[in-house]
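Structure first, then comments.
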Amino acid sequence: MNDPEASPTAVCQVLVENAPQTGAWNMALDEALLESGANEGQCWLRWYRWSEPTVSLGYFQDREIPDELRSLPVVKRLSGGGAILHHHEWTYSVVVPSRHPRARNPPELYAAVHDRIIGVLAELGVMSQMRGSTAAFRDDSFLCFQRGDANDVLIGAHKVLGSAQRRRRGAVLQHGSLLMASSPHAGELPGLHDLGLQQSLGEGLVQKLAISVAELFGEARYLDSAPKNTLEMAAELQQNRYKTDGSFAQ
């Protein structure tokens, strides 16, 4: 069912990437898609994975890494918030151009996307909910998944989805991490498979998520790859801006 707030003429270009990539590439491509949204008015939805356990730092976060994570690659994100350990997860990013109705109120974008993910999980028999403002709490923990934002998606008391944003010339990039299973580097943070989602159901989860979330933005157009010019921009950003040691060129 199409969302009533999506423009009837809007097209959302969808990428579902089964081949995991490095942190530097993933962040570079997210930024290249944001540039596409800002410069060309294109809407994008991307689902992707990580080729190795990687720590992403929030844009304003310092680089003081806890001892137990210092052996891992580190990359800096465009968005703010706490660090994320990307390991057994699916990550999404959505780019909404300034002319799209969904870009008018970026804070509401969190709830819109998270509601769709909650709905898909419910179809698969896993009940989740957003934390809500009354249960939010301030926490300076290094990892984002140990902090408590109103828009977090929880299964019981456990956070399984958190998202962050960056805006550029009216376009909005929102990306978030959906934990599928706990990592040996952060065993205290369970994922969907630890909390009741059967492994067999998880195989088709991302396809269902892509369909449901894309409907928020208009007609879904599935692509095998980003356009050549976007990939070239991402390659340049990967080389010149994003580094696996956590540095980030301004």
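Determine the pairs where a residue that is at positive phi, located within segment 154-175, has a partner that is open to solvent by less than 40 Å² (accessible area, probe 1.4 Å) and not aromatic (Phe, Trp, Tyr) with Cβ atoms under 8 Å apart, the partner being 6 or more residues away or on another chain.
Arg169/Ala38; Gly170/Ala38; Gly170/Pro97; Gly170/Ala103
Under 6 Å between Cβ atoms, which residue pairs at least 6 apart in sequence (or on different chains) link something in segment 196-224 that is of a type in the set (Lys, Arg) with a partner that is part of a helix (DSSP H, G or I)?
Sorted first by the residue in segment 196-224, then by its partner, the pairs are Lys208/Val120.
Name the single residue, out of those in segment 1-22 being modelled with pLDDT under 95 and among the small types (Gly, Ala, Ser), that is most open to solvent (accessible area, probe 1.4 Å).
Ser7
Any idea which of (1) open to solvent by less than 30 Å² (accessible area, probe 1.4 Å); (2) of a type in the set (Gly, Ala, Ser); (3) out of contact with any helix residue (DSSP H, G or I) (no Cβ under 9 Å at 6 or more places or on another chain); (4) modelled with pLDDT of 90 or more is the one Ser71 doesn't satisfy?
The one condition Ser71 does not meet is (1).
Do we find that Glu64 is outside any strand (DSSP E or B), open to solvent by 10 Å² or more (accessible area, probe 1.4 Å) and modelled with pLDDT of 95 or more in this structure?
Considered against the rule, which asks whether it is outside any strand (DSSP E or B), open to solvent by 10 Å² or more (accessible area, probe 1.4 Å) and modelled with pLDDT of 95 or more, Glu64 comes out as no.
What number of residues within segment 143-167 are surrounded by fewer than 18 Cβ atoms within 10 Å (Cβ to Cβ) and in a loop (DSSP other than H, G, I, E, B)?
Number of matching residues: 3.
Here is a yes/no grid of residues against (1) among the hydroxyl-bearing types (Ser, Thr, Tyr); (2) closer than 17 Å to Gln146 by Cα; (3) in a strand (DSSP E or B):
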| position | (1), (2), (3) |
| --- | --- |
| Trp47 | no, no, yes |
| Ser71 | yes, no, no |
| Ser93 | yes, no, yes |
| Ser98 | yes, no, no |
| Arg102 | no, no, no |
| Val113 | no, no, no |
| Val120 | no, no, no |
| Gly125 | no, no, no |
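Could you please give the count of residues in segment 25-52 that are open to solvent by 30 Å² or more (accessible area, probe 1.4 Å) and among the aromatic types (Phe, Trp, Tyr)?
Of the residues in that region, 1 qualify.
The values are calculated or read from the model by the stated rules, or taken from the named source; none is laboratory data. Please read all numbers here as calculations on a predicted model, not as lab measurements. When we count neighbours, we look across all protein chains shown, and the Cβ atoms used for this are built from the backbone with ideal geometry, even at glycine. The area values use the complete protein model at the heavy-atom level, side chains included, leaving out ligands, DNA and RNA. Shrake-Rupley method; radii C 1.70, N 1.55, O 1.52, S 1.80 Å.
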